[in-house]
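The values are calculated or read from the model by the stated rules, or taken from the named source; none is laboratory data. Just so it is clear, the model here is predicted, and its values are computed rather than measured. Backbone-built Cβ (ideal geometry, glycine too); neighbour counts: all protein chains shown.
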Amino acid sequence: MKKIAVIYFPGTNCENETKLACDAVGMQADILRWNTKKDLDEYDGFVLPGGWSYEDRIRAGVISAKDPLMQKIKEQAKKGKPVLGICNGCQILVEAGLIPGLKDKVHMAVAPNINPVVSGYYCTWVKIKNVGKKNAFNAFYEEDIIDIPIAHGEGRFVTNDVQLVEGLEKNDQIVFKYCDENGTINAAANPNGSTANIAGISNKKGNVLAMMPHPERAFFKKHLKEKTMNNFEDAMSLAAAAKIFESMREYIR
Amino acid sequence: MGDIDINTINLDLSDKELSALIKENGLGFSIEEIKKLPKILGRDPTITELHIFNTQWSEHSSYKSSKDILKQLPTEGPTVILGPKEDAGIALFTEWQGDKYGIAMSHESHNHPSQVIPFEGAATGIGGNVRDVLCMGARVIACGDPLRFGNPFGKNKNRTKYIASQVIEGIAGYGNPLGVPVICGDVYFNESFDDNCLVNVITLGLIKEKEIIHSHAPKDAEGFDIIIVGKATDNSGFGGTTFASVILDEDDRESNRGAVQVPDPFLKNVLFRATEAVFKIVREKNIPVGFKDMGAGGIMCATTELTSSACFGADIDIDKIHVSMHNLPPYMITCSETQERFTWICPKDFTPTILKIYNEDFDLPSVSEGAKASVVGTVTKENNYVLRHKGKIICNADVNQITQGIKYKRESRQKKYTGKEPSIAEPDYKDMCLKVLSHPTVASKLACYKHYDTEVQGLAVIRAGEADAGVQAPIDGCPAGLALSADANPRYALIDPKQAAINAVAESMRNVAAVGAVPIAMTDCLNFGNPEKPEQFAEFTEAVKGLAEATSRLHLKGTQGPVPFIGGNVSFYNESAAGKSVAPSPVVACLGKLEDVSKAITMKIKKENSTLFLVGERKDELGGSVYYELHDHLGKNVPEIDYEKEKKMIHSIIDAIEKKLILSCHDISDGGLLTTVAEMMLGGEADGKIGASINLDFSSLPLSKILFSESSGFVFEVDNGHIPKIKKMFPDAMILGETGGSDLRFTAKDKQFRLSIEEMKKAWTSGFTEALQ
């Protein structure tokens, strides 16, 4: 069985549904506390779920990024194991420098949303599409449009390195972008003002992914905002976002 | 009574001196009440005892005015696992893989604090309510928030807008980090709430019947440890219960701030997980325990209730309680309402396990300064409540005397409502439709819900605003779904509190039925004025009569019995210093159950060329309606519920949805028929694209009354192939029109009116936002 560690930092609040998503695609997930004494070598992959770890003190993700456990996760990532950060987990990966991970430093920020209509924390359903080549998390995606919710106050990928985004595009590190219902990537489809509509970025190797939308909340058809459920079995069929976890499973040898 | 080691306070004083003593100590006693103390204790009280009885005898803790009246409410039935006895009631939900599952449900108010410090007040409202549900052993899965604010365009508009925005932020600021989704709620604006907003909270939790944890000491608990876990005790919220039972004077706003607790959702998040870890071991090893949240009355209330309910006493050393402030007087430590705390009672040999889970595994002391689990005392065989401080006994009273509280028979005198039906000239219909849609009560609350995390925990199937009730699938892999709605129209209550209560019950049931769920349990939060004033107390008694009557007559589906109340709360003294009471507000919440959550439907029109049915006769019942409000009238004719018809209609809707004969459904309420159809076109996100044409020539009423009467009913969309079946199930229903096109067309008396989706959307999505700006 492929074993996944879902990390609970103080303040994380999506660990249960994230574990459920991992288990539902045939992996076996354990929820590990930040102060766990377990050996991470036991695990084949890692997920940093959403929440408000360490109360978002200073800035979302900063304190967790400095947590001793993150050093260990970095080492595991270096071994090529998949690491998925969702929402607050995404912010942690960016603050830890694992994303974009080109230099050993914090190279980007996930800044407060800019949205002309809703200020501050914003929970809504959006559409994203895969724009990257194959990595640990998008092996199943072609041009699919994925229905998925966001729920954050700080989800805007930014950097002061003007060359960076171009470099990321070149390296195929930009994995998901916000799009409209036709798959067009435009400003109207961008819920938080993220640079180039970026919703998810991987490291260069493709085994670490930081994404703001929540695939574990768009996992079954019953979750989706727009849906027709023929029966309960149909309601429990996997939705598009579940492929992120399936891809992770396939990536683990 | 027991011996004590410190000086007592002489109460053998004149009324004037007693009154001065009450004021000086910030107590809420009446003169008559404080005079009872020496009789009960057999001596004068210590300062700590004085505060203990003061807290327990407050209206908030003792229900002294309401207890007898509330007995009318039905609380039993086949869907009740636990009635309104402990911190939360529990309704039987479903059986799944050999286990019986219940839904724990609690419903409370946090009105006074929210008026004084709205962000913190609303946040701690959520915080306290979720603790009630957790402490039953349940996993907290959902919240609902019925809110009432003042007139956003009236003389207090700035304060009202501030309070409304801050309350919404406070709910988001607590619920989001904690990770509890908001699944329903409503917002009304009315000037009667100018000086007293109402912030009600409903919390749901999932629990297996065999895993319920009780808030009383177990059998044979003598010698068990009493453990306090969570935030270090400080002076915050001291006097909170007394404060909840006083009339707010705007001039005292600053001095009242100290009575509001300080919320910490971050610590609560960790506490919840640590507590769940304790639950797990308690269940695995079958350890006898008692567990209770610390809310009103703090440590004193939790420890006395845990022990007295099982016929024990307690011996507590105040010096062992972890505190974050030096030199707090002991009565403050025992009665303050510091947030994020719980009490455990457990066998001594289990104590190290509890301490390890909180203090080491979840490392509370590192997570939040001063937070931890501490053993503070033991359960005693004698019924005395003993508190020790610096080696001296400072309280030694009969624990049953403390928890028993007091009771009043309040005088009740109904005020005669003298309002009349207005005569209003027929309006410009199109213009009036848009005005109704943009009225803040009717307008979309999307701007509010977008600040709430509706998705966390991954249980959502239908979100707040998408339908008349929120729907969740709470058990992984199990088809059973739950639905939740909360209702109470304040303007109906200004005319007739009893009818308002009946309407609240009926509407909450209609809302739950509109998604396809069977109403299985109710809770109530009764927000009223001053019970010492006979006219205001009569509003309360009338409303309770209405609740009892409506739930008894609108039977639990499949039975001849009532839909039971499994929990509730009373909030009195929602009265301004000028003597103005809030509109009587018997807010009810209705919990519904779907056997198969995949059959749940929203209100949004699903396709073109289907048929729209109307069930529920349009009547000249616009008293309290939005239409009258737009003309500055209250009117007189509040909608009346015909119980037999209503019951049949609600149950037929549920059956038709279960048989998959209905594509979308919406109940008729605020704004009337026109609003119902418009909202079905727009859908929860106001992104609907399918229009409708309807014919309104079915009634002899003036067109304005057909469009805007809020008489009970439903509009629902049916595939043309199912029309014969629907006609059979609803002999009284009529075809209202059909779906299609991209606008709303209505025909009446040879006239045609047309509203484009765009103009309706603009009106409907702007009204609420503008009210808050």
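Descriptive notes on the structure:
- Residue list for the range A:196-243, filter: of a type outside the set (D, E, K, R), within 14 Å of chain B (Cβ to nearest Cβ) and not in a loop (DSSP other than H, G, I, E, B): A:Pro215, A:Phe220, A:His223, A:Phe232, A:Ala235, A:Leu238, A:Ala241, A:Ala242
- Looking across the range B:1-39 at every residue that is of a type in the set (A, V, I, L, M, F, W, C) and within 35 Å of the chain's Cα centre (by Cα), the one that is nearest to B:Leu387 (Cα to Cα) is identified as B:Leu37.
- Scanning the range B:739-773 for residues that are of a type outside the set (A, V, I, L, M, F, W, C), surrounded by 15 or more Cβ atoms within 10 Å (Cβ to Cβ) and within 26 Å of A:Pro116 (Cβ to Cβ) yields a count of 7.
- Qualifying residues in the range B:294-323 (those that are among the hydroxyl-bearing types (Ser, Thr, Tyr) and out of contact with any Ser or Thr (no Cβ under 7 Å at 6 or more places or on another chain)) - the one farthest from B:Gly377 (Cα to Cα): B:Ser309
- Test for B:Leu591: is it assigned to a loop (DSSP other than H, G, I, E, B) and crowded, with 21+ Cβ neighbours inside 10 Å: no
- Once the range A:47-56 is narrowed to residues that are under 20 Å from A:Asn207 (Cα atoms) and touching an Asp or Glu at 6+ places or on another chain (Cβ under 9 Å), the residue that is nearest to the other protein chains (Cβ to nearest Cβ) is A:Gly50.
- Criterion violated by B:Lys545 - all others in (1) basic (Lys, Arg); (2) in contact with a helix residue (DSSP H, G or I) (Cβ under 6 Å, 6 or more places away or on another chain); (3) within 22 Å of B:Val442 (Cβ to Cβ) satisfied: (3)
- If the condition is being among the aliphatic types (A, V, I, L, M) and within 14 Å of another protein chain (Cβ to nearest Cβ), then the range B:148-175 contributes B:Ile168, B:Ile171, B:Ala172.
- Annotation: of all residues in the range B:353-371 being more than 14 Å from chain A (Cβ to nearest Cβ) and surrounded by fewer than 21 Cβ atoms within 10 Å (Cβ to Cβ), the one that is farthest from B:Val323 (Cα to Cα) is B:Thr353.
Residue by residue, here is whether (1) in contact with a Pro (Cβ under 9 Å, 6 or more places away or on another chain); (2) among the charged types (D, E, K, R) holds:
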site: B:Leu355; (1), (2): no, no
site: B:Asn359; (1), (2): yes, no
site: B:Ala371; (1), (2): yes, no
site: B:Lys381; (1), (2): no, yes
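Listed here are the residues, each with its yes/no results for (1) of a type outside the set (A, V, I, L, M, F, W, C); (2) over 23 Å from B:His107 (Cα atoms); (3) crowded, with 24+ Cβ neighbours inside 10 Å.
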| residue | (1), (2), (3) |
| --- | --- |
| B:Glu421 | yes, yes, no |
| B:Cys448 | no, no, yes |
| B:Arg463 | yes, no, yes |
| B:Asp487 | yes, no, yes |
| B:Ala501 | no, no, yes |
| B:Ala513 | no, no, yes |
| B:Val518 | no, no, no |
| B:Asn527 | yes, no, yes |
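- Only one of B:Lys36, B:Lys100, B:Lys64, B:Lys23 that is without any contact (Cβ under 8 Å) to a residue 60 or more places away in the chain and of a type outside the set (Val, Ile, Thr): B:Lys23
The rows are residues; the columns are (1) in contact with a Pro (Cβ under 8 Å, 6 or more places away or on another chain); (2) away from chain B (no Cβ under 12 Å); (3) not hydrophobic (A, V, I, L, M, F, W, C).
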site: A:Cys22; (1), (2), (3): no, yes, no
site: A:Val25; (1), (2), (3): no, yes, no
site: A:Asn35; (1), (2), (3): no, no, yes
site: A:Gly45; (1), (2), (3): yes, yes, yes
site: A:Asp67; (1), (2), (3): no, no, yes
site: A:Pro82; (1), (2), (3): no, yes, yes
site: A:Gln91; (1), (2), (3): no, yes, yes
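- Extreme residue, farthest from B:Lys430 (Cα to Cα), among residues of the range B:695-742 that are of a type in the set (D, E, K, R) and modelled with pLDDT under 95: B:Asp732
- Residue within the range B:573-584 that is under 21 Å from B:Ser485 (Cα atoms), outside any helix (DSSP H, G or I) and touching a helix residue (DSSP H, G or I) at 6+ places or on another chain (Cβ under 9 Å) present: yes
- Residues that are over 24 Å from B:Lys231 (Cβ atoms) and in contact with a Phe, Trp or Tyr (Cβ under 8 Å, 6 or more places away or on another chain) within the range B:101-142 comprise B:Tyr101, B:Gly102, B:Ile103, listed in sequence order.
- Counting only helices (runs of 4 or more DSSP H) that sit wholly inside the range B:256-352, those with at least 2 residues that are away from every other protein chain (no Cβ under 14 Å), crowded, with 24+ Cβ neighbours inside 10 Å and in contact with a His (Cβ under 7 Å, 6 or more places away or on another chain) are B:330-335.
- Residue that is among the charged types (D, E, K, R) and more than 14 Å from every other protein chain (Cβ to nearest Cβ), where the choices are B:Glu685, B:Glu595, B:Glu621: B:Glu621
- The single condition from (1) within 14 Å of another protein chain (Cβ to nearest Cβ); (2) without any contact (Cβ under 8 Å) to a residue 40 or more places away in the chain; (3) among the basic types (Lys, Arg) that A:Lys127 fails is (2).
- Any hit, the range B:293-308, residues being more than 21 Å from B:Leu355 (Cβ to Cβ), of a type in the set (Gly, Ala, Ser) and over 25 Å from the mean Cα position of the chain (by Cα): yes
- B:Arg388 vs. criteria more than 34 Å from the chain's Cα centre (by Cα), among the charged types (D, E, K, R) and crowded, with 19+ Cβ neighbours inside 10 Å: yes
- Yes/no for B:Gly179 being within 30 Å of B:Asp670 (Cβ to Cβ), within 13 Å of chain A (Cβ to nearest Cβ), buried (at least 24 other Cβ atoms within 10 Å of the Cβ) and not aromatic (Phe, Trp, Tyr): no
- Test result for A:Asn138, under 18 Å from A:Glu154 (Cα atoms) and in contact (Cβ under 8 Å) with a residue 40 or more places away in the chain: no
- Residues being closer than 19 Å to B:Thr338 by Cβ and either out of contact with any Leu (no Cβ under 6 Å at 6 or more places or on another chain) or away from every other protein chain (no Cβ under 14 Å) (or both) are entirely absent from the range B:398-405.
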